[in-house]
Amino acid sequence: MAIVNDEQVIKVLRQYNPWWRTPSAIKEESKPHKRLAYYEALKILTHKTIRRFAVLSGMRRVGKTTILYQIIDHLIDRGINPGNILYATFDNPILKLVNVENVLSIYEGMYPIEGTRYILFDEVLQYTENWELWMKVIYDSRKDIRLIATGSASPILERGAADSGTGRWSVLKIPTMSFYEYCRLLGLDLPVLEDELRLSELQGFSSAQLGSLMDKFTPLQNHFNRYLMIGGFPELVLSDDDVYAQRMLREDVVDKVIKRDVLSLFNIRSPLLMEKLFLYLCMNSTEIFNATTAAKELENTSITTVESYIKALEMSNLIYLAKPMDVGSKGALKGKPKIFIADAAIRNAVLMIDDVLSDEKELGAMVETTVYKHMVSFYQGSPAQLGYFRKAKNNQKEVDVVVELPRQKILCEVKYRNNSHIAETDAIVELCRDEQTKVTNAFLITKRLDDFGITKHKTKVPILRVPAIAFLYILGKAEAEGWNGKL
């Protein structure tokens, strides 16, 4: 006897799809603010000549479900029969017990549906075994189905895509919101900027032009500080209780991912060790990660265990691993990554440091984390390689973010402090002097809005000081306007 019968599944599907009865019901779930991933997913789903499924990957609360609701709203507005649209979330306890094929069969038996079906399966990839196989079967055998699936473990998605998904589906990674998206979501009075302004253009601005530009960001300063604390989680951004929002971030994003999602997806033998490791990473984020040192400090556990747990956290979109990169130098550090928490607000929520905005060291780590996250998002889908540079023999000489493209090499150094002065011997200065490095752009990311312009160092490539608030806003705006990957 089956644990779950068809009537129970039908009841659940009707609850999740109220637009079958009342098409306007979707308006209650759809939100007006749309992220870049919405447009990309919609394009994949509705493309007239190229049929492909879309897979959305991102941690909890980044807005994956909202994107699905917005797509449903769009489809109904365009005249698609609501009965041809199925939404189901597989973190539902009943649907967890039913395989995908049965859900589809029960749905199609409910109504005499004709034409293309639009299937939106939420949280299906971490709760359904062999998801890539059933997606392959549906893609190959059901030409009348267009499908979007969401999940939280991106490298699992990539492995599945490599094995079965070539030409069948595209993976879209959804990070937390950029600072620009944060400002738009809150409906702030946005700075009036030149059309299609890009960071690479600022190098040609005069001091007066840069000063005028930076003045436009003054009203956003307090919002930028709040963004560092709350992060880019849409629901929390709209909250009017920041202390409670941080608690929700800790409980809903960190605790549930580590204590439930990660444990269910990966072979985690010690949940407590995983929690301690994540705390260790938060305390040492933006620093070089040494698995041997971490293993000793975490109850003398094995290096292999630490490395496997690190991989699980990366797969769960909780951390980024920045690999060391050569920048025209044979003396670059090898093999040791830097760890970045996926959003600075997660780090804040875990560590619970009092008055973190007045702690220069902590604030610097938060901004460096935020810069790296923005760069990862901006270059997603491009051939860019991202990492950091550090000299092997002089570990004080480092560049926080390195972006390498076939015709570009971009350096970003974060000096988020009142005095952003860097010495002639600083790594970014030395690299910008050396023609063999083939550096094309260099940015020194500063704190104060009056700390801008070309540094006085004599270099082959000028180093441009840009306040963090302006750097991140302009980068996020360019991405939202479709210029991602083109600095």
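Values in this text are rule-based calculations from the coordinates and carry no lab data. Since this is a predicted model, take the numbers as computed values, not measurements. All Cβ positions, even for glycine, are placed from backbone atoms using ideal geometry, and neighbour counts span all protein chains on display.
Let a ≥ b ≥ c be the square roots of the eigenvalues of the Cα gyration tensor of segment 180-480; is it rounded (a/c under 1.5), or, if not, prolate (a/b larger than b/c) or oblate?
Oblate, since a/c reaches 1.5 and b/c is not below a/b.
Going down the list K31/K373; K34/K136; K43/K256, which pairs span over 27 Å between their C-alpha atoms?
K34/K136; K43/K256
Assigning unit charges at the beta carbon (Lys, Arg +1; Asp, Glu -1) and nothing else, what dipole magnitude in debye, to the nearest 20, does segment 180-480 show about its Cα centre?
The dipole of segment 180-480 has a size of about 1200 debye.
Can you give the three extents of the C-alpha atoms in segment 6-174 along their principal axes, from longest to shortest, in whole Å?
39, 36, 33
Hey, what D do you get for segment 1-74 in µm²/s if you plug the Kirkwood alpha-carbon radius into Stokes-Einstein at 10 °C and 1.306 mPa s?
111 µm²/s
Output the antiparallel fraction of DSSP beta bridges having both residues in the chain, as a percent to the nearest 5.
35 percent
Straight distance only, please: which lysines reach the Cα of K27 with their own Cα at less than 19 Å, same-chain residues fewer than 8 apart left out?
Reachable lysines: K64.
With n ≥ 4 as the cut-off for DSSP H runs, can you work out [θ] at 222 nm for the chain, using -39500 (n - 2.57) per run divided by the number of residues, rounded to the nearest 500?
The helix contribution divided over the chain gives -11000 deg cm²/dmol.
How far, in degrees from 0 to 90, does helix 468-480 lean away from the longest principal axis of the Cα atoms of the chain, to the nearest 10?
40 degrees
Below 16 Å, Cα to Cα, which lysines can K393 reach? Residues fewer than 8 away in the same chain don't count.
Those lysines meeting the cut-off are K330, K334, K336.
Can you give the charge dipole size of segment 6-174 about its Cα centre, rounded to the nearest 20 debye, using +1 on the beta carbon of Lys and Arg and -1 on the beta carbon of Asp and Glu?
620 debye
Shape verdict for segment 363-409, please, from the Cα gyration tensor: rounded (a/c under 1.5), prolate (a/b greater than b/c) or oblate.
oblate
Could you grab the relative contact order for the chain? Cα pairs under 8 Å, six or more apart, rounded to a whole percent.
14 percent
Using 7 Å Cα-to-Cβ label points, what is the L97/E435 separation (nm, one decimal)?
Here the modelled spin labels are 7.3 nm apart.
Which entries of K96/K143; K173/K323; K391/K477; K173/K338 show an alpha-carbon separation above 28 angstrom in the structure shown?
K391/K477
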